[in-house]
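No lab work stands behind these numbers, since they all come straight from the coordinates. From a predicted model like this one, the values you see are computed outputs, not experimental measurements. Positions of Cβ are backbone-derived with ideal geometry, glycine not excepted, and every protein chain shown enters the neighbour counts.
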Amino acid sequence: MVMGKMDSNKIIWRVVGVLVCIGIGWFLKSRLTPNMAAMMAGAGGDPFVVFETVAEEDVTPYSSVIGHVEAINSVNLQPQVSGYLEEVKFDEGSEVNEGDVLFVIEKQRYQATADLRKAELDAAKASLTKIEKDYRRQKSLNQQKYASEARLDEAYSNLLRAQAAVKQAEANYNLAKIDLEHAEIKAPFSGKIGKAKVTEGNFVSSATGVLASIVQMNPVRVTFSMTDKEITNVLQSGMRNEHVSARIELPNGKVVRMDSINEFMDNSIDTNTATIAVYAEFMNDDELLIPGSYVNMKIDAGKAQKAITVSQSAIGQDADGNYVMLVNKDNVVEQRRVALGEAAGSRQIVTGGLEVGDNVIIQGLQKVADGKKVRAENIKVEE
């Protein structure tokens, strides 16, 4: 009897479970969209496809490239004279201006050396003045037959030595002034300075290496490559002398539009990649473009134009070329050969083979063939 009760309980619970499943099924069915219900219901009938209706729109063709951000100017600061580092006169990671004094290396010692060389030059000039007067006097006396040729030759020789001494003193003074200038290491251009790699009190020389680095932050240069076909299209589009207009995607995903202030391309195509390097300079007031980083760029490759476009997912290709699949008013599929232009985002410009109002299949292509009947629905594709 106990066993019988247990069997009855199992049967009751199974019936309850079946009823619950049926209820859930009817609930889900009521929640399905008409499109989903039709697709599920027709799984065994004519294939279901999605199409878009061809329209003409304003498009600007562009090329997607990866750009490398570079500093137009960058420098590694190195000592040109030896001595103890007396001062580090900047905040690490700060902006510095052209001409700012950044490091000072025993300036007083080099100032004293320069003063000494200046005194030596003054003494050499004074000696030259005296010897010049003596030479002129000996020359006059020789012309009057009061001084011998030997005395005149000696005076001339003294003059030449004095002139050479002045030149030597001038050279020594100039070298001392150069060393004095190098005792202060200045910023050669405005930019951002990095970490000081040597601190105050250390002995430095030309063998020490880099003291700090500066990179120019504004403007910056972005380098990217374009294929031979892309660059030819740009040159033929009438944009040869126009600035580069680009949408630049930053590493955090933010997109900014920038127009270059200067640009140029390399003088030859790389035969290994069939690409040519292009260099574009952009203002970087907000310093969003950081030298050394990589950014995704969409470069305008032509002027805005009226064109027929379709989703790139609609384009097929076989041995005979490119094609799309259309669906007519009777829901019958037709294959149509097309000629393609440039890409415009997720859209493809079609230059031949389609007319405004044609219905192009964009989903379900793997299930259709030319002349096959389908169930079709027009769904607008969001860009």
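GNM on the chain, alpha-carbon springs under 10 angstrom: the most fluctuating residue among 120, 95, 52 is 120.
Between helix 149-182 and the chain, what is the angle of the helix's C-alpha long axis to the longest principal axis, kept within 0 to 90° and rounded to the nearest 10? Approximately 30 degrees, to the nearest 10.
For the stretch 289-342 versus the stretch 63-105, the inter-centroid distance based on Cα atoms is 48 Å.
Considering helices alone, the calculated mean residue ellipticity of the chain at 222 nm is -11000 deg cm²/dmol, with DSSP H runs of length four and up weighted by -39500 (n - 2.57) and normalised per residue. Here the convex hull built on the C-alpha positions of the chain has a volume of 335 cubic angstrom per residue.
What residue among 132, 57, 86 has the largest mean-square fluctuation in a Gaussian network model of the chain, using Cα springs under 10 Å? Among 132, 57, 86, the largest GNM mean-square fluctuation belongs to 132. Counting every other Cβ atom within 10 Å of each residue's Cβ, 133, 89 order from fewest to most as 133, 89. Within the listed set 313, 64, 74, the residue fluctuating most in the Gaussian network model of the chain (springs between alpha-carbon atoms under 10 angstrom) is 313. Computed from point charges on the beta carbon alone (+1 for Lys and Arg, -1 for Asp and Glu), the dipole magnitude for the chain about its Cα centre is near 560 Debye. Computed from the C-alpha gyration tensor, the three semi-axes of the ellipsoid equivalent to the stretch 107-182 are 36, 9, 6 Å, from longest to shortest.
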